Structure formats: C-alpha cells, structure tokens
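The values are calculated or read from the model by the stated rules, or taken from the named source; none is laboratory data. Values in this document were obtained by computation on a predicted structure and should not be read as measured data. Note that each Cβ is placed from the backbone with ideal geometry, even for glycine, and that neighbours are counted across all protein chains shown. Each accessible area value is taken on the protein alone, full model and side chains, heavy atoms only, with ligands, DNA and RNA left out. Shrake-Rupley method; radii C 1.70, N 1.55, O 1.52, S 1.80 Å.
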Amino acid sequence: MPNIRPLSAALAKKAADELFEKPERLDEDLEAMRTWLAKSPHIRSRTDDQFLMMFLRGCKHSLERAKEKLDLYYAIRTALPELMYNRDPEETKIKELIRLGTAVPLPNTVTPDGPRIILVRPGTYDPSKYTIQEVFRYNTMMADLMMRDDDNLIIAGQMGILDLSNCTMAHFLQFSPSFVKKATMWSQEGSPLRQKGFHYVNTPSGFELVYNMFKSFLNEKNRSRLFVHGSNLESLYEHIPKSMLPSEYGGDAGPIQDIVDSWAEKLLGSKDFFKEEDKYGTDEKKRPGRPKNADSLFGLEGSFRKLEVD
C-alpha cells in the first residue's frame, strides 16, 4: 500500500468519482513516476508517495499528464528564484506578512468533500513597505504548505475570496504585466491544483485595470470562474455560505485574527520544510531538447497586444 494519508469517506468517494482514483493501481503508478524521475536527469524532485500522489490526483490519474505537470511545476519554480527559493518564514518581512494575514486558508469547507477556501486581503499590507515579490513569496509558502497537508485542497480544489478593502492605486501599480504573467503561470500551469472559483469583494476604482490584465493571461475555464461582487456580500453568500466566513464578513468562523494567528504558528514552525524545498528544481542544461527557462516560459513578446486595459 502507498504511504499516504487515509482519506475521509467523502473525499475518497470524490477521488474515485471525479479523479478516477483506483486504489489497486496506485502502487504501480507511483513506481512508474519514480522510475521516470530516475531517468530524468534534469529534475531534482521530492519522491515520497504523498507528494507524487498530488500530481496523479491533479491530473485525474493520467500518468503521462502527471509527469508533464511535475516537470513544469519544477521548471516554473526554477525560473522564479525570487519567489520560490531561500524562503525563510523567520525573515523579518515574510514574518510580518504572515502575521498580517495577507492571505490565509479558512478552517472549514462548505461540505466534507468541498474545496479549500482561501481569503486574500492585499489591503492589509503597506505597498510602500513591501514589494509585490515579497507578498507573493509568502503566497507561495502558504500554497506549498497547504499542498503538503491539505487533502481537500488536493482533491476538491481551491476557491479564492479576494477582499480589496483598503486597496489603493499604489497596490495596483505594483502589478506589471510581466509579473502578472509569471504569477498566473505559477498558479495556473505550474500547479497541480484545480481552481474552483475566485470571488472579488469590496472592489475599488482602479481594480478593472489589474483585473483585465489577470484575465488576459487566464485560460477560458478559469476565466469563467471569476465573480465580482462589489460590496455586496449577499451575492457572495450565494456561493460561499456565511457559516464558512470570519465574523468580519458576517460569518460564524470566528474573528479573522484567530484564524491568522493559528495559521501563522503553523507556517513559522515550518522553517525546515522550506529549507529542504531549496534542494528541488530543474537543471535546464541537462534537459533533453529545448530548455524551459524564464525566456521560453514567460516570453512576453506578443502578450501585450492581447491586453485589454480599457
């Protein structure tokens, strides 16, 4: 039997119904992934069952797609060293962003087999003090820890709430088209996770500029899952029930600071995990065929013409 966390009955059923998971095939597939990695001199990867399972599940147990996704996952990370390497939760600015709760997973899911809900609040940080790279470094740390530990996230996907209260033009001006392209590639192509929807609330003026930029880099499927609620939380509740949300959003999940504090404790206790992550990535000089470097992955020629920032 593979060495992975046992699933709840609800998640096991979802994995079988939606991801075509067959327990009797897992050992063979995991072994095939490891054999392929051993023959891929350009990839330095984690090889434990739990990590490899994330790619099989993210690719609905298609072995070939899981290999492609794992290769791309590490290639994109290697091409984004400023976001993905030397991440220390105790580094002053990262620690401050963790404590501010610029992004935090909510403790409950709508149903036992429901997606993980992540609350993102860029208005909590001062854009004159933190760069967008620092903010995203924290986001990648949060995502990596959740991918390691959260079966709802892996099997049911993730749903975001982006609360733009207190966001100013200075926040939006941090997003250059090249940065947006990199961030989108990381979350859309370089991740085995499924996006289940993104909800924008408390949207200020100036928001459309960044929104249209992000949208232009998204694939059709993810574009259809964006919802803008303005300041109308009632329409948010139609998608995400009040019971899931912190009390500041009219919900029953307790004060946001309590959720942030308990998440911060977990992240701050994971220094060794992030240190170990630095060992993994790709060596593009050893890749058979064309290298997947920043230029080939994020080459921005042509993408500006597609931008609609009207």
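Where both residues lie in the chain, what percent of DSSP beta bridges are antiparallel, nearest 5?
Percentage antiparallel, nearest 5: 30.
Pull out a ≥ b ≥ c, the square roots of the eigenvalues of the alpha-carbon gyration tensor of region 151-310, then state rounded if a/c is under 1.5, prolate if not and a/b is larger than b/c, and oblate in the remaining case.
oblate
In Å², what does the accessible area per residue of the chain work out to with a 1.4 Å probe?
46 Å²
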For this session: Sketch the reach of a paramagnetic label on K93 as a point 7 Å from Cα along Cα-to-Cβ, and name the residues of region 110-141 whose backbone nitrogen lies under 14 Å away.
Result: 125-139
Exercise. Does region 1-123 come out rounded, prolate or oblate, given a ≥ b ≥ c as the square roots of the eigenvalues of its C-alpha gyration tensor, rounded meaning a/c under 1.5 and, failing that, prolate meaning a/b above b/c?
Worked result: oblate
Problem set entry | For region 120-173, radius of gyration divided by Kirkwood radius, i.e. Rg to Rh on alpha-carbons | 1.05
Problem set entry | Value in Å of the Kirkwood radius, where region 202-294 supplies the Cα pairs that are averaged | 18.0 Å
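Out of the total accessible area of region 151-310 (probe 1.4 Å, heavy atoms of protein only), what percent is carbon and sulfur?
So the carbon and sulfur contribution to the accessible surface is 51 percent.
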Seminar exercise, completed: Note on region 67-173: alpha-carbon gyration tensor, axes a ≥ b ≥ c; rule is a/c under 1.5 for rounded, else prolate if a/b larger than b/c, else oblate; result oblate
For this session: Work out, step by step, the length gained on full extension between T111 and F51: first 0.36 nm times the residue separation, then minus their alpha carbon distance; give nm to one decimal.
Result: 19.2 nm
Exercise. Normalised by the number of residues in the chain, what is the relative contact order in percent for Cα pairs under 8 Å and 6+ residues apart?
Worked result: 23 percent
Exercise. Can you work out ³J(HN,Hα) from phi for every residue in region 203-220, in order, using Karplus 6.51 cos²θ - 1.76 cosθ + 1.60 and θ = phi - 60°, giving whole Hz and x for Gly and Pro?
Worked result: 7, x, 6, x, 4, 4, 4, 6, 4, 5, 5, 4, 4, 5, 9, 8, 7, 4
Problem set entry | Kirkwood Rh in Å, taken over the chain so that all alpha-carbon pairs contribute | 20.4 Å
Exercise. How long are the semi-axes of the ellipsoid equivalent to region 123-245, from square roots of 5 times the Cα gyration tensor eigenvalues, in whole Å, largest first?
Worked result: 21, 19, 15
Problem set entry | Candidate residues L268, L106, L209: accessible-area rank, largest first, probe 1.4 Å | L209, L268, L106
Problem set entry | Length gained when the stretch L173-D27 is fully extended (0.36 nm per residue, less Cα-Cα span) | 47.7 nm
